[in-house]
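Chemist: Quick one: the structure is below, questions incoming.
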Number of protein chains: 4
Amino acid sequence: MRTFRLVIACPDRVGIVARVSNFLTAYNGWITEANHHSDNQSGWFFMRHEIRADSLPFGLEALRQAFAPIAEEFSMIWRVTDSARRQRVILMASRESHCLSDLLHRWHSGELDCEIPCVIANHEDLRSMVEWHGIPYVHVPVDPADKQKAFAEVTRLVHEHEADTLVLARYMQILPPVLCQDFAHRIINIHHSFLPSFVGARPYHQASLRGVKLIGATCHYVTEELDAGPIIEQDVVRVSHRDSIDDMVRLGRDVEKMVLSRGLRYHLEDRVLVHDNKTVVFA
Amino acid sequence: MRTFRLVIACPDRVGIVARVSNFLTAYNGWITEANHHSDNQSGWFFMRHEIRADSLPFGLEALRQAFAPIAEEFSMIWRVTDSARRQRVILMASRESHCLSDLLHRWHSGELDCEIPCVIANHEDLRSMVEWHGIPYVHVPVDPADKQKAFAEVTRLVHEHEADTLVLARYMQILPPVLCQDFAHRIINIHHSFLPSFVGARPYHQASLRGVKLIGATCHYVTEELDAGPIIEQDVVRVSHRDSIDDMVRLGRDVEKMVLSRGLRYHLEDRVLVHDNKTVVFA
Amino acid sequence: MRTFRLVIACPDRVGIVARVSNFLTAYNGWITEANHHSDNQSGWFFMRHEIRADSLPFGLEALRQAFAPIAEEFSMIWRVTDSARRQRVILMASRESHCLSDLLHRWHSGELDCEIPCVIANHEDLRSMVEWHGIPYVHVPVDPADKQKAFAEVTRLVHEHEADTLVLARYMQILPPVLCQDFAHRIINIHHSFLPSFVGARPYHQASLRGVKLIGATCHYVTEELDAGPIIEQDVVRVSHRDSIDDMVRLGRDVEKMVLSRGLRYHLEDRVLVHDNKTVVFA
Amino acid sequence: MRTFRLVIACPDRVGIVARVSNFLTAYNGWITEANHHSDNQSGWFFMRHEIRADSLPFGLEALRQAFAPIAEEFSMIWRVTDSARRQRVILMASRESHCLSDLLHRWHSGELDCEIPCVIANHEDLRSMVEWHGIPYVHVPVDPADKQKAFAEVTRLVHEHEADTLVLARYMQILPPVLCQDFAHRIINIHHSFLPSFVGARPYHQASLRGVKLIGATCHYVTEELDAGPIIEQDVVRVSHRDSIDDMVRLGRDVEKMVLSRGLRYHLEDRVLVHDNKTVVFA
């Protein structure tokens, strides 16, 4: 069922819901899902509607134009998207296959609703797996002495393929600030710790050293500051003294996969709203 | 902050949200929380609004009268409640103290927002604990040969104290059908298994015999059919071969407490809507 | 690191551990992991040792012979296995790919330590995926009017490939009793419910109908009685009124994958001991 | 059933288990529970035996003397304790009642097996609750300008009551280094975050600011460095954008209670071994 998704953030005040629902009712819009959130601390209001496309008398662009005056009146940050227009998602990987394989399977089996124009990797290891799925594999090696060149190529590919979203599926490279800015809230990373614990390299080693009893993973938007962007989703798994670092790496892989795929799903369905480096997730 | 809670269930159709939000906006109602659910299978729509009482120009009764025509128009099953009017909750217990103690502490510390006119128990064991909290303890022994008498007394107490809700905090007695009917969706039980597994007596023994790897607890509304009423909340805890039945009983106590207190909280805040022996819980 | 695994079940009595550890110490055996369990209810004792193979002066067969008298003395049910001798595991599938794909990826990336001589499926759908992994795909269609023929062929393949273990990765067919008996505690199934709830067909439909707040999956050994064999592993995931049956199916897939892969891992590492239709899992 | 608990840590080498189990077998010791752990990274070995007291021909002191030569031979750090000798535990609290109430109920209902000679609090608020349980309540106010005096009194009480263990049940004061040293691995704290995230004051505020999707609690031994001691137990609970800081505080209370009571239970049953600022917990 094709739907339009109307996603709104604005300063809270009386009458927003009435105004928006009147608008939708006036056009006979059939709302299949509605979510609201009033944030007391910030004084902001967040709203997401999913509306059956075939219930409206017009298409996406006309809907946008008709709604624009209301958005202006309430100083809304807003977007309308069309479930029939699948996002273009570039996956980026390194040598570890578990997150990439998991996303590819979900895509291949129809669970993950997007297009994947290509996979970019800084190693050759995962080429065959990607190509079996019928997706182009682009090897962009990263020279530690001159990372500029690689990221210029990545940026070129991102534009060439008109990517909406980048997913760092254990890519293990830090993207340049300019790319983070240009794709703000459109680059999704999976970090293999329960942030803000264990920022940076080798988080399972850090976790083992500290003797924690749960390890976790964090799916977040990438910002210029390492591992500090808005968190979309997190989860944990229990470990004990019996688990070596290798065991943690193994157990952690499953959490990483699950957390990344959930986070990406929320993103693709326009369920994530960012405000003040935090997220509202209408899951 | 005092709020009114407008809770609605009705057959789904276009315009319900607009109608309700227009109504609230017309009176300048400040919505602090709004939840919607369209159930595709049943074709029903569920909605709950929490509105600041001081933003409306009238009180609860006037709100009810003003809203009644809309409710009729849309064939709504509905209620409006006032957060300032605390529900009167009778707790019923037997000999096990963990659920009762947990609820009493939450009540005493202000977490559980209700009045407790009395505790009814079929044994004397928990009197001192209850009375320390300043709550009357009524001992109504249940004669296995003639339970009628006890339940007549329970029913009398329920009416005398004008109870809104009964909570069976491990009461271990089966209430008579007529009381279940009279208090439909107002009697909350905690069953010490993950229903529908292990209905009836000694669920931890049943769980041990089957060799399950998780045990659970279920908070549900009581109906005439044993352990078959609408489920409000459930949770589980991991067990292993190392856990004897006694260990399961101990581990299960913590799940029971948590599940019952969460379920009761949802109920007291008017977050639970029952439809077709299932619940919508706007948690 | 190559290890021998000595796995023992016997009636409990004083001196078992001393006898076994003396035996191992006498040969200078380096124990890397040891687990014990005394079951009070049944009066049985369970034990698993993992011993570095290079610390012993002899190989697997000699170890068996040397230990046999002790086993006899204590009436042990026992086995010794060699981590270097990878089990031969036949995966059986139908049309659903998620469990199969998950196991294949774990195998391909070296996480799952076994050989997979072939995949048997009653449909052609998953051939390409399996063959990409370099594993033969055998299509054995099941004629509803005459299942005998298909199961004769399955049995032939199992013997031809000298399979140690069969894994029903959402195979959706009920195996004949004789195969269940011949491969007792060697056929692993994943059932898509939290057993003993929702035995049999369409468990997510049953779960939706009952309105449970958690759905689960169960990995168990197959016995003649449907979904009633010894449980190896279980897990659950939270659902709500918002989740349609399709959502449950999607959420459940992740639980099924995790639970099956954990259960199979325990099995392959000889961590599972069956007694009285229950399991001791030295995880 | 009375048991002796033999708890051992020593450098790993061949023959430890044989030596210990021979020793126990020689005296006909009936082992009800045995746990072993070889830590590859540190090269240390950890072991805990629970032995039926009535199966041994002697008492605790004789057992200690008989075992001492073995302990010396293997350079063991070790202890033997008697389940019949209940630890003396002083609970320390401030104004928050949830952890204290939870521990008191577990103690009162017989779940928590210890003696509580007194509760020390820096406020008067919880006196009545404690005294209802028949436990002396000692008010030791802490003067922010001169904390020395209060801690001198605390130290005096600890010695007067011959406390084995101190439990900081949300005590909210930092103990002086000398007390931390004198009671190394005998002071248990509950910190209301998932350490090492959110060390120090107001962790729920920190969590809200960072926008995490799970909040947690950590039970650990107190060392001189704030919130940096060996972790005994941790757990988490899911939160979302809907949860205000007050909601986090409420949800967190339940995690704190559970984590503290589990950690204390492990400690009282001599299941916790500390090595290198980490714990082995034979749960």
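Chemist: State yes or no: is residue C:226 surrounded by fewer than 17 Cβ atoms within 10 Å (Cβ to Cβ) and either under 23 Å from residue C:176 (Cα atoms) or under 11 Å from the mean Cα position of the chain (by Cα) (or both)?
Modeler: Here the answer is yes, as residue C:226 does meet what is asked.
Chemist: Which one of these does residue B:34 not meet: (1) of a type outside the set (Asp, Glu); (2) within 8 Å of chain A (Cβ to nearest Cβ); (3) farther than 25 Å from residue A:283 by Cβ?
Modeler: Of everything listed in (1) of a type outside the set (Asp, Glu); (2) within 8 Å of chain A (Cβ to nearest Cβ); (3) farther than 25 Å from residue A:283 by Cβ, residue B:34 misses just condition (3).
Chemist: Among (1) crowded, with 24+ Cβ neighbours inside 10 Å; (2) of a type in the set (A, V, I, L, M, F, W, C); (3) assigned to a loop (DSSP other than H, G, I, E, B), where does residue D:283 come up short?
Modeler: So residue D:283 meets the others, but not (1).
Chemist: Looking at segment A:130-171, which of the residues that are within 14 Å of another protein chain (Cβ to nearest Cβ) and of a type outside the set (D, E, K, R) is surrounded by the most Cβ atoms within 10 Å (Cβ to Cβ)?
Modeler: So the first thing to find is which residues in segment A:130-171 are within 14 Å of another protein chain (Cβ to nearest Cβ), and the list is A:130-135, A:169-170.
Subset that is of a type outside the set (D, E, K, R): A:130, A:132-135, A:169.
Values: A:130: 22, A:132: 15, A:133: 16, A:134: 8, A:135: 18, A:169: 30.
Filtering first and then ranking leaves A:169.
Chemist: Considering only residues of segment A:211-252 that are touching a strand residue (DSSP E or B) at 6+ places or on another chain (Cβ under 9 Å) and charged (D, E, K, R), which is farthest from residue C:111 (Cα to Cα)?
Modeler: For segment A:211-252, the residue satisfying everything is A:227.
Chemist: So, one more: Conditions first: (1) part of a loop (DSSP other than H, G, I, E, B); (2) crowded, with 17+ Cβ neighbours inside 10 Å; (3) among the polar types (S, T, N, Q). Residue A:261 passes all but one, so which condition is the exception?
Modeler: Going through (1) part of a loop (DSSP other than H, G, I, E, B); (2) crowded, with 17+ Cβ neighbours inside 10 Å; (3) among the polar types (S, T, N, Q) one by one, residue A:261 breaks only (1).
Residue-by-condition table, conditions (1) modelled with pLDDT of 95 or more; (2) of a type in the set (Lys, Arg); (3) touching a strand residue (DSSP E or B) at 6+ places or on another chain (Cβ under 7 Å):
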site: D:19; (1), (2), (3): no, yes, no
site: D:26; (1), (2), (3): no, no, no
site: D:31; (1), (2), (3): no, no, yes
site: D:37; (1), (2), (3): yes, no, yes
site: D:46; (1), (2), (3): yes, no, yes
site: D:84; (1), (2), (3): yes, no, no
site: D:90; (1), (2), (3): yes, no, yes
site: D:93; (1), (2), (3): yes, no, yes
site: D:105; (1), (2), (3): yes, no, no
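Chemist: Away from every other protein chain (no Cβ under 11 Å), among the aromatic types (Phe, Trp, Tyr), closer than 30 Å to residue B:151 by Cβ and within 18 Å of the chain's Cα centre (by Cα) - does that describe any residue in segment B:104-112?
Modeler: Yes, the conditions are met somewhere in segment B:104-112.
Chemist: Picking from B:19, B:48, B:95, B:64, which residue would you name as being more than 14 Å from chain A (Cβ to nearest Cβ) and either not in a loop (DSSP other than H, G, I, E, B) or not charged (D, E, K, R) (or both)?
Modeler: After ruling out the rest, the residue left standing is B:64.
Chemist: To continue, here is another question. Let me confirm something: among C:113, C:102, which residue is surrounded by 20 or more Cβ atoms within 10 Å (Cβ to Cβ) and in the same structural domain as residue C:268 (by TED's automatic domain parsing)?
Modeler: C:102
Chemist: So which residues in segment D:229-256 are under 22 Å from residue D:96 (Cβ atoms), within 9 Å of another protein chain (Cβ to nearest Cβ) and either touching a residue at least 12 places away in the same chain (Cβ under 8 Å) or hydroxyl-bearing (Ser, Thr, Tyr) (or both), if there are any at all?
Modeler: Answer for segment D:229-256, where residues must be under 22 Å from residue D:96 (Cβ atoms), within 9 Å of another protein chain (Cβ to nearest Cβ) and either touching a residue at least 12 places away in the same chain (Cβ under 8 Å) or hydroxyl-bearing (Ser, Thr, Tyr) (or both): D:231, D:232, D:233, D:234, D:235, D:236, D:244, D:245, D:253, D:254.
Chemist: Just to be sure I understand, how many residues within segment A:252-280 are of a type in the set (A, V, I, L, M) and under 24 Å from residue A:214 (Cα atoms)?
Modeler: Of the residues in that region, 5 qualify.
Chemist: Just to be sure before I move on: is residue A:75 of a type in the set (Ser, Thr, Tyr), at pLDDT 95 or above and under 24 Å from residue C:110 (Cα atoms) in the structure I sent?
Modeler: Considered against the rule, which asks whether it is of a type in the set (Ser, Thr, Tyr), at pLDDT 95 or above and under 24 Å from residue C:110 (Cα atoms), residue A:75 comes out as no.
Chemist: Of the residues that sit in segment C:184-220 and are more than 12 Å from chain B (Cβ to nearest Cβ) and small (Gly, Ala, Ser), which one is surrounded by the fewest Cβ atoms within 10 Å (Cβ to Cβ)?
Modeler: C:201
Chemist: Select, from C:46, C:4, the only residue that is among the aromatic types (Phe, Trp, Tyr), under 23 Å from residue B:242 (Cα atoms), in contact (Cβ under 8 Å) with a residue 60 or more places away in the chain and crowded, with 19+ Cβ neighbours inside 10 Å.
Modeler: Values: C:4 fails: under 23 Å from residue B:242 (Cα atoms).
Unique residue meeting the criteria: C:46.
Chemist: Looking at (1) of a type outside the set (Val, Ile, Thr); (2) more than 10 Å from chain C (Cβ to nearest Cβ); (3) closer than 20 Å to residue C:29 by Cβ; (4) in contact (Cβ under 8 Å) with a residue 60 or more places away in the chain, find the lone condition where residue D:71 falls short.
Modeler: With (1) of a type outside the set (Val, Ile, Thr); (2) more than 10 Å from chain C (Cβ to nearest Cβ); (3) closer than 20 Å to residue C:29 by Cβ; (4) in contact (Cβ under 8 Å) with a residue 60 or more places away in the chain applied to residue D:71, the lone miss is (3).
Chemist: Within segment A:53-81, restricting attention to residues that are of a type in the set (D, E, K, R) and touching a strand residue (DSSP E or B) at 6+ places or on another chain (Cβ under 6 Å), which residue is nearest to residue A:275 (Cα to Cα)?
Modeler: Here the residue is A:79.
Chemist: Inspect segment D:221-228 for any residue being under 28 Å from residue B:237 (Cβ atoms) and either facing another protein chain (nearest Cβ under 10 Å) or part of a helix (DSSP H, G or I) (or both) and give the result as yes or no.
Modeler: Checking segment D:221-228: not a single residue is under 28 Å from residue B:237 (Cβ atoms) and either facing another protein chain (nearest Cβ under 10 Å) or part of a helix (DSSP H, G or I) (or both).
The values are calculated or read from the model by the stated rules, or taken from the named source; none is laboratory data. Not measured: the values here are computed from a predicted model. Note: ideal-geometry Cβ built from the backbone for every residue, glycine included; neighbour counts use all protein chains shown.
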